[in-house]
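Structure first, commentary second.
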Amino acid sequence: MKKAYKKGFNLIETYPVKFPETVILVKYDGPVDNFSFSFPDKKVEHIIVNLCPTEPWALPNRVILRNATHDFLDKLEAVRTEYFPDSHCHVVVDHLESNLVNELTQFKTQKDWLSIHTMEAVYPYDAPVLIVKNILGLDIAFGQNTIEDGILILDPQNVTGIFEYYIKETEFNTRLIPISGTGLKDNKILKVKPGTPIKSMLELYVRTDIKYRVFLDGLLNGTEVKDLTQKIDWSTKNIIVIEERDYKTPFPYLNVNELLFTTSLMGELRRCVYCNFCDDICPVNLEPALYWHCYDRGEKHKARTYALEKCIECGLCSFSCPSKLELLQVIRECKSLK
Ligand code: SF4
Ligand code: SF4
């Protein structure tokens with residue numbers, strides 16, 4: 001099995017997550033949020049559409065494209081022509097998806113406004129800092145609004161949304177949200193009206209024989225949902241429900257049998273064992289253990305002298321740490337110091 005341990009990690013290959021073909025509509029009669037897209041006031045020179053998710057719990061491409069890649073690209077072309085006519089579009093696709101690459105390349109032959117880029121689906125290569133660097137060769141800062149540099153990173157679902165709602169002026173009120181994890185009876189792809197509480201989305205699918213925890217937008221750097229009445233919005237990407245466990249598994253990435261998310265959330269902390277796993281895996285060449293040692297010695301400000309601002313908060317260091325040190329949490333805490 002080929003994996004990337006250096007400067008990233010192939011989560012999809014290690015923990016493949018399967019979703020069924022069918023999409024289920026979630027019924028909800030309460031107040032919902034209408035679709036809206038904040039069109040940037042700055043000139044857009046580049047549009048990046050990422051069709052190469054690097055997280056196994058992300059929405060699969062087939063659900064977005066629905067075997068109609070040309071139709072999706074026609075929509076992208078219409079959106080570009082109508083709103084961003086001076087821009088160049090970059091569609092990024094997994095190099096292993098040869099059929100999709102072929103379809104895109106065929107479409108591209110008549111379109112000089114479009115480029116197709118292939119990428120390895122290694123986490124977190126699709127993070128804004130890395131994708132902009134890899135596709136355009138530009139350095140942006142973590143958390144920076146890419147529009148300041150004339151770059152619009154467009155969620156594929158928003159391509160459809162802008163086309164349907166603003167150009168065709170038809171109803172567009174649902175978002176596709178994949179739900180997965182060991183706390184569910186089955187993984188599902190749900191079609192949900194933003195504004196729907198998470199509880200209403202999950203109630204039919206969570207296991208009732210266990211305690212579980214719910215996370216929004218990724219296990220490595222997403223957020224835990226403490227209150228299930230929280231509503232999803234137009235930026236929600238995915239929901240993961242994991243069984244609550246009272247033990248941790250060292251070296252989780254060596255265990256390929258199940259999706260074990262055991263780092264930085266549950267259980268005990270141990271000592272740093274100077275293994276350098278966190279240094280090796282960091283995609284932006286930082287030395288996360290340094291931040292831990294500064295923090296542990298009570299020298300949080302000192303952590304900032306080691307290029308802390310370059311951290312893209314991917315959470316891979318916490319994930320790989322065999323001592324389960326809360327590295328991402330420590331990094332965020334040190335970053336937030338005034
Ligand atoms: S969270 Fe930051 S320090 Fe840790 S691996 Fe990711 S980029 Fe590197
Ligand atoms: S991975 Fe954990 S134990 Fe290993 S060097 Fe980094 S902080 Fe220390």
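Laboratory data are not the source of any read-out in this text; all were calculated from the coordinates shown. It should be emphasised that the depicted structure is a prediction, and the values quoted were computed from it without experimental measurement. We place every Cβ from the backbone using ideal geometry, glycine too, and count neighbours over all the protein chains shown.
Pairing rule first: another cysteine's C-beta must sit under 4.7 Å. Under that rule, which cysteines of the chain stay single?
C52, C89, C272, C275, C282, C294, C311, C314, C321, C334
Using a Gaussian network for the chain with springs between C-alpha atoms less than 10 Å apart, which of these wobbles most: L327, L219, L100?
Highest fluctuation among the options: L100.
In debye, nearest 20, what is the charge dipole magnitude of segment 175-243 about its Cα centre with +1 on Lys and Arg Cβ and -1 on Asp and Glu Cβ, if you could check?
Details: 12 positive and 8 negative charges, 40 e Å.
Result for segment 175-243 is approximately 200 debye, rounded to the nearest 20.
Considering only DSSP beta bridges whose two residues both sit in the chain, what percent are antiparallel, to the nearest 5?
Roughly 45 percent of the beta bridges in the chain run antiparallel, per DSSP.
Beyond 21 Å between alpha-carbons counts as too far, so tell me which of K43/K335; K18/K237; K75/K111 fall in that bin.
Working: K43/K335 31 Å; K18/K237 16 Å; K75/K111 14 Å.
Pairs exceeding the cut-off: K43/K335.
Which aspartates and glutamates have a Cα lying under 17 Å from the Cα of K302, excluding residues fewer than 8 positions away in the same chain?
The reachable aspartates and glutamates, counting only those whose Cα sits under 17 Å from K302, are E287, E333.
Dipole magnitude of the chain about its Cα centre, charges +1 at Lys/Arg Cβ and -1 at Asp/Glu Cβ only, in debye to the nearest 20?
Working: 41 positive and 46 negative charges, 177 e Å.
I would put it at about 840 debye.
Return the ratio Rg/(2.2 N^0.38 Å) for segment 90-149, where Rg is computed over Cα atoms only.
Ratio of Cα Rg to 2.2 N^0.38 Å: 1.24.
Which listed residue (P194, C314, P128) has the Cα farthest towards the positive end of the charge dipole for the chain, taking +1 on Lys and Arg C-beta and -1 on Asp and Glu C-beta about the Cα centre?
Of P194, C314, P128, it is C314.
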